[in-house]
Amino acid sequence: MPAATETTLAKLRRDYEAAKAQIQALGYVIPGTVQRRLYRCGKPNCRCMTEGILHGPYYQWTRKVSGKTVNINLDFVSAKEVKKWIQNDRSLRKLCRRLEKTSLALLQTTINMGNT
């Protein structure tokens, strides 16, 4: 087996293990988005109509469940936590793609070693 191929395999294995460690270090994960919303109630004498001072902010976590959009209202503290969990979800998906890419490269390298 050529030394360059062994070096490549070792690098791929290290990269795979590093991605696994990063996944293990993630906290809670959930999909979706958190939105900060301000509302106008529409009552003619309300400050939102007379002074332009909108109601809120209100925070909503939005996600898909069985193909349907679902919203849940959150308080400020929960919204901050959910934002972190959503970021963890995005990181997890990115790391999973990295694992797949690394696995494919490892397989291709191994196959090419057998053909030489």
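Residues that are loosely packed, with under 15 Cβ neighbours inside 10 Å and not basic (Lys, Arg) were ranked within the range 100-110; the one that is nearest to the chain's Cα centre (by Cα) is 100. Residue count for the range 17-54 under the criterion of being of a type in the set (Gly, Ala, Ser), loosely packed, with under 14 Cβ neighbours inside 10 Å and within 30 Å of residue 103 (Cα to Cα): the result is 4.
Being polar (S, T, N, Q), in contact with a Lys or Arg (Cβ under 9 Å, 6 or more places away or on another chain), surrounded by 14 or more Cβ atoms within 10 Å (Cβ to Cβ) and modelled with pLDDT of 95 or more: is that true of residue 69 here? No; evaluated as a whole, the condition is false for this residue.
With respect to residue 103, determine if the residue is among the hydroxyl-bearing types (Ser, Thr, Tyr) and touching a strand residue (DSSP E or B) at 6+ places or on another chain (Cβ under 8 Å).
Numbers: among the hydroxyl-bearing types (Ser, Thr, Tyr): yes; touching a strand residue (DSSP E or B) at 6+ places or on another chain (Cβ under 8 Å): no.
Against the criterion (among the hydroxyl-bearing types (Ser, Thr, Tyr) and touching a strand residue (DSSP E or B) at 6+ places or on another chain (Cβ under 8 Å)), residue 103 does not qualify.
Assess whether residue 14 counts as being surrounded by 11 or more Cβ atoms within 10 Å (Cβ to Cβ), basic (Lys, Arg) and within 12 Å of the chain's Cα centre (by Cα). In short, no. In the range 77-98, the residues that are assigned to a helix (DSSP H, G or I) reach residues that are of a type in the set (Ser, Thr, Tyr) with C-beta atoms within less than 7 angstrom, at least six apart or across chains, in these pairs: 79/59; 85/28; 86/33; 88/28.
The values are calculated or read from the model by the stated rules, or taken from the named source; none is laboratory data. Since we're looking at a predicted model, the values are computed, not measured. Here the Cβ is made from the backbone with ideal geometry for all residues, glycine too, and neighbour counts use every protein chain on show.
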